[in-house]
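The next block holds one structure in the form of structure tokens; read it before the comments.
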Amino acid sequence: MTDPKETIIDSTARELPGPKHLYRSTTNRAVAGVCGGLGERFGMDVGVVRIGWLVSIFLTLGVSLLIYIALAYLIPKEPAEYAAVKQAPSSDLWQRLKENSTLLWAGLLVLVGAVLLLNNFNLLPWRLEALWRTFWALLLPILLIGAGVFLVLSFTGRAPDLRRLRQSGQRLPLRRSREDRMIAGVCGGLARYLNIDSLVVRIGWVLISVATVGTLGVIVYVAAVLLIPASD
């Protein structure tokens, strides 16, 4: 006679995923699920992993971004059965930042301040001043050339019509978000268009602005607000 203790009901039996699997997460994904998978695999806060990776992209001048792209191709996406039974880390700094704009801005200010402090003590792998000089050395001539070309085109009557530029922007599939917005919805709209998390876009925008003394980030953002219409 079969021992009742040895009886297993198939409908309730589950094989839990092995602890050594590393997958790109489909349930905790901001771009390609790499950071989500790393956080779930090693039991770390996924928000800390993402922020650390974004900062590392800034500190390594884009080298970490290339590593992320490589991992996105090398690490397989988690199977549906794995996603259904996996145990995700309980803490999620990323979600708290998304839900609390005050905490988000406080974190961004701390991040910028920390970068500036590290730069003052020569603890960065490069100097912000060198980036700023390079940026201005390229931007100023480009602005002067652009202004000169615009004046010549205006004199000959061939300057682009700003209204026509606005109409061209309206034909683009990209739209500024009305729901996911902190200023004018540019980052939220860009994130929706690229199908990535808007917080990644916002933090990346801040880091680019820091590297370019705020100029590039502000110019591009203002141009996006003027040219890209808001969503319906």
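Throughout, read-outs are computed from the coordinates displayed, never taken from laboratory work. Everything numeric here is computed off the predicted structure, so don't read it as measured data. In this analysis, Cβ positions are derived from the backbone assuming ideal geometry, glycine residues included, and neighbour counts consider all displayed protein chains.
For the stretch 65-124, which chymotrypsin sites (Phe, Trp or Tyr not before Pro) are both in a DSSP coil and crowded by at most 11 other Cβ atoms within 10 Å?
For chymotrypsin sites (Phe, Trp or Tyr not before Pro) across the stretch 65-124 that sit outside H, G, I, E and B with at most 11 neighbouring Cβ atoms in 10 Å, the list reads 121.
Once the cut-off is 23 Å, how many percent of the Cα-Cα pairs in the stretch 128-227 end up in the long-distance tail? Mind showing how you got there, number by number?
Working: 2082 of 4950 pairs.
Every Cα pair in the stretch 128-227 considered, those over 23 Å come to 42 percent.
Determine the gain in length on full extension of the stretch residue 56-residue 142; use 0.36 nm per residue of separation and subtract their C-alpha separation, reporting nm with one decimal.
Full-extension gain reported as 28.0 nm.
Any idea what the alpha-carbon Rg over 2.2 N^0.38 Å comes to for the stretch 20-85?
It is 1.09.
Within the stretch 58-130, list the trypsin sites (Lys or Arg not before Pro) lying in a DSSP loop whose Cβ has at most 16 other Cβ atoms in a 10 Å radius.
Numbers: sites: 77, 86, 96, 98, 127; in loops: 86, 127.
Of the trypsin sites (Lys or Arg not before Pro), the ones in loops of the stretch 58-130 whose Cβ has at most 16 other Cβ atoms within 10 Å are 127.
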